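Data block below; observations after.
The values are calculated or read from the model by the stated rules, or taken from the named source; none is laboratory data. Predicted model only: the values in this text are computed from it and were never measured. So basically every Cβ, Gly included, is an ideal-geometry build from the backbone, and we count neighbours across all protein chains shown. These area figures cover heavy atoms from the full protein model, side chains too; ligands, DNA and RNA do not enter into them. Shrake-Rupley method; radii C 1.70, N 1.55, O 1.52, S 1.80 Å.
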Amino acid sequence: MSKLALSNEILMSVDKPARYIGHEVNAVMKDPAGRIRFAMCFPDLYEIGMSHLGIQILYDMFNSFEDVWCERVYSVWTDLYKIMKERDIPLFALESQDEIRSFDFLGITLQYEMCYTNILQVLDLSKIPYYAADRGEDDPIVICGGPCAYNPEPIADFFDLVYIGEGETSYKILLDLYRDHKKSGGSRRDFLKKAGNIPGIYAPQFYTVTYNDDGTISGFIPEEGMPAVIEKEIVVDLSDTYYPKKPVVPYIKATQDRVVLEIQRGCIRGCRFCQAGSVYKPIRKREEYKLEQYAREMIKNTGYDEISLSSLSSSDYPELEKLCNFLIDEFKDKHVNISLPSLRVDAFSLDVMSKVQDIKKSVITFAPEAGSQRMRNVINKGLTKEDILNGCEQAFLGGWTRVKLYFMLGLPYETEEDMEAIAELSNDIAKLYYDLIPKEKRKTKVSIVSSTSFFVPKPFTPFQWAKMNTMDEFRYKAHVVNDAMHRQLNFKSIKYNWHAADVSVLEGIFARGDRRLSKVLVSAYEKGCIFDAWTETFRYGPWKEAFSENNIDMKFYYNRERSFDEILPWDFIDTGVTKEFLKREYINAKEEKVTPNCRVKCSGCGAARYHGGVCYEG
Amino acid sequence: MKVRIRFSKTGALVYIGHLDVMRYFQKLFVRADIPVAYSEGFSPHQLLGFSHPLPLGMESVGEYADIVLTRSVPTDEALARLRAGSVDEIGIYSFNELPEKCENAMAAVCASEYLVGFRDEKIHDLEKLVSDLLEKYEINVIKKTKKSEKVVNIRPLIFDLHTEDDKLRMMISSGSVDNLKPELVINALTAPLEREFTSEELIMKRIDQYTSSPDGFVSLDMIGKKIDG
């Protein structure tokens, strides 16, 4: 019988034991002898982590290195967590089922702030000290990366190293340095100092942060020999890099249970709330002919019956039509479904969708993000009411009857009219349907689902200085929208959903927090907070206690307008996009001035210094 | 053309549920380029059916999947491709063409053979317990379903039971009419010791599944015939 870390009795007593057994198709097995062992962790459930393309790319890349064996580890659900704590069972990697503590590296991807307590769960179960400063020579090197690493300060104390930017470029250098260092028998501290000088790699323990009396940062001081600024890493040529052609195929249904084809990275549209759009600049595409090869190979290697395109805005991919036609021709008779998220609704996309989906089941999706044109100008969302209504008109004539709309509440400079405009836009779409489709031709009534999330200002966006709303303000705003919905003529065709305000506030605090928050995270974890991104496990009470016990004022972090002169916790990171550009954009927002997208006109954001992508097209 | 595949499910894969096994095979057929036919309609699915579902936690070397092919593939070729695309814990044993008029695997099963061991315990005088049990004319046990509990005489459902070292080999009724779980037999057997075993305390392995024929029980594997190249 193949080795398993958990006994039969335990596996038979937990929900979905397949989360913990490994042995999947395309999982990589190697002889550990003489190899650097890297545990790659997505700190959430298996089904979520297995759906993540970034991890698949890095897993494939690490295992392409002859002297490295990369394995996977995920958070364990609350049922198994309890058992492992009670019986003192250490956390293990899926492939070898060996203890994490015996690995050379533990790499954790940070995709959202609300997984931060899960990092502590992983460290706790692995028996690795929470704080990097407390770790010994035999502990694994704990490193993180991913979007939240663009402000690593709230969790900086937990990590030996932080990788800032895209993982494809600097890991080889890091692992080579580690191997040489092991051979020569150097200390952990020496290794970390050297590692902190590799491009894109930040070693937090060699930096001291000082504070003013008002709590703002007065200084960020590197130890001698450490860089004062960390530049983000990017893959300049996306067509000439790693791609996981044999991704691991889970037995249980993952959230994204399909082949994922990343067509481009970055975005040309400068939406002022969007962190991804800013930190992944400049947009870089993968060559279309390569994507055709990947699609064929990946379906063949996995057996999936669905393929999905991935990018921040697929409609901006220059060869989208060619690629879609290829996918339709190639897979039409092979029972492979094609899903096309993040497509602008227009004649082309509706035509493609009618070929690949059942119109009766599919939903037309828009993300206007704000209800009024004024507000959309503030956030630089280049989608007009006319675009939306034109898209809906074509969709309704084509047979679609379901529309989904996504909005945000709490954006800077928002007024009550802007909130009410969300309801009015929803109503206008319903009205369009009833005006357009004569009664006798309506097979069903139109269904409009409008959802609002609460705006959370993020680092490296023009809104990084903005004051975020309080929970009460959020709830009031949702109430305003809900009331306005009920006043609409077609309100029976509209359904309105809004997000929970308490999670948004915590997200806001950790998104723009500093090093003083690490102790709050430890307190919250010790009070039992884990899986905070899951509504069934999230509890706000213990979080509130954790803040007050550590004398941390929550509002200082989220409900305060920062001045342009303030030293921000993430100022030591250089993403290419300059602070001057972000300031300019914040002022443009206030003045409701629209900034054109990268293909229309360069706005001089600074990302051109990477010498690639859209900045050098044509 | 209808084909029956015999496969095993062992090792770590005993923790994969029946629906996940079905999804596994759907993908395996694509990886192995087996031309499985699809149903008609808006959401076509592979024409694929399984024999009696294996409980979670149990190993088996006698599982069956029936499929419909759009064109013939020689057995040897199909086996080579399926084995190349499968994990070690799901072994592909046979790939045989079924006769035109033939019950599907699920409907055909009427008996299953199991090998059952005790996980952490040694039972003394196992042979005596077996002979005592088989001497009985009636073995009444309480059968629990989701809705009710009822007393059932399981003696006619036990076709064979004998020891094999510390283990028990049994051939018992299986299928949609009179399905008997092996742990019920074990608990009837150990009742004189006043000891009841949960399925987690046993190591159970399904050896094969059988259908009835005028000559007695026949393995589901014996129904089809090899496809020559």
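Please pick out the residue among A:I164, A:I221, A:I217 that is within 25 Å of A:F460 (Cα to Cα), surrounded by 20 or more Cβ atoms within 10 Å (Cβ to Cβ) and not assigned by TED's automatic domain parsing to the domain that holds A:K290.
Answer to the selection: A:I164.
Name the residue, out of A:V520, A:V446, that is within 15 Å of A:P154 (Cβ to Cβ) and not hydroxyl-bearing (S, T, Y). Criteria check complete, one pass: A:V520. Can you name the residue in the range A:3-36 that is surrounded by fewer than 14 Cβ atoms within 10 Å (Cβ to Cβ) and over 13 Å from A:I83 (Cα atoms) and is also nearest to the other protein chains (Cβ to nearest Cβ) among such residues? Among those residues, the one meeting the criterion is A:K3.
Residue-wise test of (1) closer than 23 Å to B:S219 by Cβ; (2) at pLDDT 95 or above; (3) touching a Cys at 6+ places or on another chain (Cβ under 8 Å); (4) not aliphatic (A, V, I, L, M).
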| residue | (1), (2), (3), (4) |
| --- | --- |
| B:E97 | yes, yes, no, yes |
| B:S112 | yes, yes, no, yes |
| B:T145 | no, no, no, yes |
| B:D178 | yes, no, no, yes |
| B:T190 | no, no, no, yes |
| B:F197 | no, no, no, yes |
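For A:K253, the conditions (1) away from chain B (no Cβ under 14 Å); (2) assigned to a loop (DSSP other than H, G, I, E, B); (3) surrounded by fewer than 16 Cβ atoms within 10 Å (Cβ to Cβ) are fulfilled apart from (1).
Scan the range A:112-140 for residues that are within 28 Å of A:A276 (Cα to Cα) and open to solvent by 50 Å² or more (accessible area, probe 1.4 Å) and the total you get is 1. Applying the set (1) modelled with pLDDT under 95; (2) closer than 23 Å to B:I158 by Cβ; (3) within 14 Å of chain A (Cβ to nearest Cβ) to B:I139 leaves exactly one unmet item: (3).
Inside the range B:80-93, residues that are more than 11 Å from chain A (Cβ to nearest Cβ) and surrounded by 18 or more Cβ atoms within 10 Å (Cβ to Cβ) make up a count of 3.
Can you tell me how many residues within the range A:571-596 are assigned to a loop (DSSP other than H, G, I, E, B), open to solvent by less than 70 Å² (accessible area, probe 1.4 Å) and over 12 Å from A:K281 (Cα atoms)?
Residues of the range A:571-596 assigned to a loop (DSSP other than H, G, I, E, B): A:571-572, A:575-578, A:591-596.
Cutting the leftovers down to open to solvent by less than 70 Å² (accessible area, probe 1.4 Å) gives us A:571-572, A:575-578, A:595-596.
Keeping just the survivors that are over 12 Å from A:K281 (Cα atoms) gives A:571-572, A:595-596.
Here the count works out to 4.
The set of residues from the range B:136-160 being in a loop (DSSP other than H, G, I, E, B), in contact with a helix residue (DSSP H, G or I) (Cβ under 9 Å, 6 or more places away or on another chain) and free of Cβ contacts under 8 Å to residues at least 40 places away in the same chain comprises B:K136, B:Y137, B:E138, B:I154. One residue stands out among those in the range B:1-11 that are in contact with a helix residue (DSSP H, G or I) (Cβ under 9 Å, 6 or more places away or on another chain) and open to solvent by less than 20 Å² (accessible area, probe 1.4 Å): the one that is farthest from the other protein chains (Cβ to nearest Cβ), which is B:R4.
The rows are residues; the columns are (1) among the polar types (S, T, N, Q); (2) free of Cβ contacts under 8 Å to residues at least 40 places away in the same chain.
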| position | (1), (2) |
| --- | --- |
| B:R169 | no, no |
| B:S174 | yes, no |
| B:A191 | no, yes |
| B:E194 | no, yes |
| B:M204 | no, no |
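Looking only at the range B:46-79, filter to residues that are of a type in the set (A, V, I, L, M) and open to solvent by 60 Å² or more (accessible area, probe 1.4 Å); which one of those is nearest to the other protein chains (Cβ to nearest Cβ)?
Filtering the range B:46-79 for residues of a type in the set (A, V, I, L, M) gives B:47-48, B:54, B:56, B:58, B:61, B:65, B:67-69, B:73, B:78-79.
Then keep just the ones that are open to solvent by 60 Å² or more (accessible area, probe 1.4 Å); that gives B:47, B:56.
Numbers: B:L47: 12, B:L56: 7 Å.
Here the answer is B:L56.
Number of residues in the range A:221-230 that are touching a residue at least 60 places away in the same chain (Cβ under 8 Å) and not in a loop (DSSP other than H, G, I, E, B) equals 1. Of the residues making up the range A:231-250, those that are part of a loop (DSSP other than H, G, I, E, B), away from chain B (no Cβ under 14 Å) and either more than 17 Å from the chain's Cα centre (by Cα) or of a type in the set (D, E, K, R) (or both) number 11. Somewhere in the range B:17-29, is a residue more than 7 Å from chain A (Cβ to nearest Cβ), not hydroxyl-bearing (S, T, Y) and not in a helix (DSSP H, G or I)? Yes: one or more hits. Determine which single condition A:C41 fails, assuming it passes every other condition in (1) modelled with pLDDT of 95 or more; (2) in contact with a helix residue (DSSP H, G or I) (Cβ under 9 Å, 6 or more places away or on another chain); (3) within 13 Å of chain B (Cβ to nearest Cβ). Unmet condition: (3).
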